[in-house]
Each structure stands twice: as structure tokens, then as C-alpha cells.
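Take a look at the structure below.
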Amino acid sequence: MSLVYLEYDFKVSPLQPATDILIAELGELGFESFVENETGLLAYILKSEWQEDVLEKLFVTQNPNFEISWTSKEIEQQNWNAEWEKNFHPIKVGDRCMVRAPFHEADEVEYDIVIEPKMSFGTGHHETTHMMLQHILDNDFEGKSVLDMGCGTGVLAILAKKRGAADTEAIDIDEWCFLNTQENVERNDCSDIKAFQGDSSLLKGKKFDVILANINRNILLEDIPVYADCLNKGGTLFLSGFYLRDLDAISSKCGAYGLEFEKNLEKNNWVAAKYVN
Ligand SMILES: C[S@@+](CC[C@H](N)C(=O)[O-])C[C@H]1O[C@@H](n2cnc3c(N)ncnc32)[C@H](O)[C@@H]1O
């Protein structure tokens with residue numbers, strides 16, 4: 001069955017910081033994918049999950065410093081793929097890692113990741129994915145057991161595996177992401193990554209050396225106690241999907257469960273923070 005999505009074409013002024021704030025707010029409302037352009041942003045959400053009147057209550061729509069207008073249209077999933085192919089360019093993370101689509105030419109990099117995201121989040125274009133990939137490049141994954149929570153396309157689990165991770169699990173609440181992760185792990189010769197559909201209730205009794213969770217502020221605040229429970233002593237937790245203004249709240253919740261803040265990366269006000277157990 002083909003799912004029906006809504007494509008919103010937002011025109012915003014000034015382009016920055018309005019686009020960044022809009023992406024953060026729409027992400028919290030459940031929008032799954034964003035394509036930035038010269039006038040603003042295309043954003044996609046499943047029609048069945050959406051009530052448009054929420055847009056009137058956003059910070060960007062209510063703040064007189066921003067001008068914003070939008071149109072929307074229904075698109076079928078297959079149309080979305082064509083749209084995505086038009087807009088998806090390969091992304092490099094430093095000199096060592098490239099995330100590209102199957103129809104892009106491979107480059108000479110240490111970690112070449114091929115992703116067909118369809119409607120899943122996680123192409124490396126978003127700041128949070130990019131910073132999480134950077135953390136994976138900067139840290140030792142050799143022989144570590146890894147959880148990628150909120151895996152989207154599975155891109156973080158795939159890079160962790162390519163960096164030498166041992167047992168690796170990838171979980172997403174969304175069926176489409178779960179299926180997409182399964183496809184992408186095969187495509188990248190990482191088929192021993194185990195993918196599951198679900199949430200933190202699946203984590204009972206499990207233990208990991210590293211947990212990667214790029215989700216959003218509210219889910220992270222709710223799930224940090226579960227992550228702390230699942231992290232081996234000496235383990236590392238990487239969290240992203242929230243803004244700099246929420247770092248203190250996230251860090252103090254982690255602190256309350258014995259997880260000590262070590263460092264964070266920042267890009268356009270987004271954060272990817274590292275905690276140690
Ligand atoms: C910001 S995307 C991150 C995707 C990918 N890990 C990346 O870094 O690009 C967040 C993902 O978390 C998933 N998600 C949202 N709430 C969740 C929950 N409670 N448990 C597990 N996954 C969740 C969404 O479906 C989405 O795929």
C-alpha cells in the first residue's frame with residue numbers, strides 16, 4: 001500500500017535563523033524529512049499523522065521578526081523518491097567518510113556509506129547526523145557493543161560497524177525506518193546489525209558499551225534513565241537531536257543517572273553531546 005505524505009513548501013525570511021528554528025519545531029511535530037532551498041524549506045509528513053492548525057502556534061509563525069508563508073500538496077511515496085533523488089547530494093564527514101546514494105559515484109574515502117533513505121531521516125545532511133558521524137569517527141569502536149536508538153536510515157549503526165563495532169543493534173519506532181535500516185545494512189555489507197521496530201521498552205536487560213541516540217529533546221529526557229541502565233561501566237553515550245539551549249537540561253538528567261558530560265559538538269545551534277559512565 002502506498003502511503004500519502006504532505007509536502008509543505010515554506011517560504012521564510014530572513015532565511016537564517018528562521019529555517020533552523022522551523023526545522024527544529026517541525027521535527028518535534030513529527031515531520032520526517034527536510035530539503036532546504038533558496039527561499040526556505042520543503043518538509044514532509046505522513047498525512048494521517050497531521051493537523052495543520054498546529055502551524056499557527058509555532059514560534060516562527062508567531063514571532064513578528066520572521067515572515068513565513070506556506071503551501072502544501074499531497075504526494076505519494078514514489079513521487080517523494082524522485083523529489084529526494086533530485087535534491088540529495090553526497091555528504092562528506094571530514095576526509096574519511098562519505099554518505100551517498102546508490103546512484104552517486106563512489107569517492108576514495110575510508111568509509112563509503114550508501115544510503116537510500118526514502119522517507120527516513122539520516123542522510124548526513126542534517127547537522128545532528130553529521131555531528132554524530134563525526135563523534136563515531138573520533139572515538140574508538142573496535143570490539144564495542146553498540147546500540148543505535150532512533151536509527152532512521154541506520155547510518156550511525158553502519159558507520160559504527162565499519163569502525164569495528166562488535167554486536168550492534170538498531171532500533172526505530174517507525175516501521176518505515178526499521179525496514180529502511182534493514183535494506184541499508186544489507187547494502188553496506190553490515191547485515192549482522194540487528195534491526196528492531198520499537199522504543200526503549202525493547203531495551204530491558206540489554207547491555208551496550210556505546211549508545212548512540214539522535215532523537216529529540218523530549219524523548220531523550222524520558223529515555224536517559226533507560227540508556228543509563230543499559231550502558232556498561234566505562235561505556236559512552238552520545239546524544240543529539242536537541243538545541244544548545246537544552247544542553248543543560250539533558251546534561252543534568254544524565255548527571256542524575258551517573259553519566260558525566262565529557263564534550264559536545266555544535267553546528268547551527270544543534271548539539272551532539274558525549275557522556276561517560
Ligand atoms: C532525528 S532522526 C535520527 C536518525 C538517524 N539516527 C540519524 O542520526 O540521522 C530520529 C529518529 O528517531 C525515531 N524515533 C522517534 N521517537 C522514537 C522513540 N521513542 N524510540 C525509538 N525511535 C524513535 C524517528 O522515527 C527517527 O527515525
Test SER201 against the criterion of being surrounded by fewer than 18 Cβ atoms within 10 Å (Cβ to Cβ), assigned by TED's automatic domain parsing to the domain that holds SER145 and within 13 Å of the ligand (Cβ to nearest atom), and give yes or no. yes
So which residues in the range 1-53 are part of a helix (DSSP H, G or I) and open to solvent by less than 50 Å² (accessible area, probe 1.4 Å), if there are any at all? ALA18, THR19, ASP20, ILE21, LEU22, ILE23, ALA24, GLU25, LEU26, GLY27
State whether one or more residues within the range 99-107 are open to solvent by less than 30 Å² (accessible area, probe 1.4 Å), at pLDDT below 80 and within 12 Å of the ligand (Cβ to nearest atom). no
If you go through the range 145-153 one residue at a time, do you hit one that is of a type outside the set (Phe, Trp, Tyr), open to solvent by 70 Å² or more (accessible area, probe 1.4 Å) and more than 21 Å from ALA106 (Cα to Cα)? no
Based on this model, can you work out whether LYS118 counts as basic (Lys, Arg), at pLDDT below 95, assigned by TED's automatic domain parsing to the domain that holds LYS233 and open to solvent by less than 60 Å² (accessible area, probe 1.4 Å)? yes
Can you go through GLY241, GLY258, GLY234 and tell me which one is small (Gly, Ala, Ser), open to solvent by 20 Å² or more (accessible area, probe 1.4 Å) and outside any loop (DSSP other than H, G, I, E, B)? GLY234
Residue count, the range 209-230 (criterion: away from the ligand (no atom under 13 Å from the Cβ) and in a strand (DSSP E or B)): 2
I'd like to verify a number: residues in the range 168-184 that are open to solvent by 40 Å² or more (accessible area, probe 1.4 Å), more than 6 Å from the ligand (Cβ to nearest atom) and among the aliphatic types (A, V, I, L, M), how many? 1
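The values are calculated or read from the model by the stated rules, or taken from the named source; none is laboratory data. Since the structure is predicted, the reported quantities are computational estimates derived from the model, not experimental observations. Here Cβ is always computed from backbone atoms with ideal geometry, including for glycine, and neighbour counts include all displayed protein chains. Side chains are part of the model used for accessible areas, which takes the heavy atoms of the whole protein and leaves out ligands, DNA and RNA. Shrake-Rupley method; radii C 1.70, N 1.55, O 1.52, S 1.80 Å.
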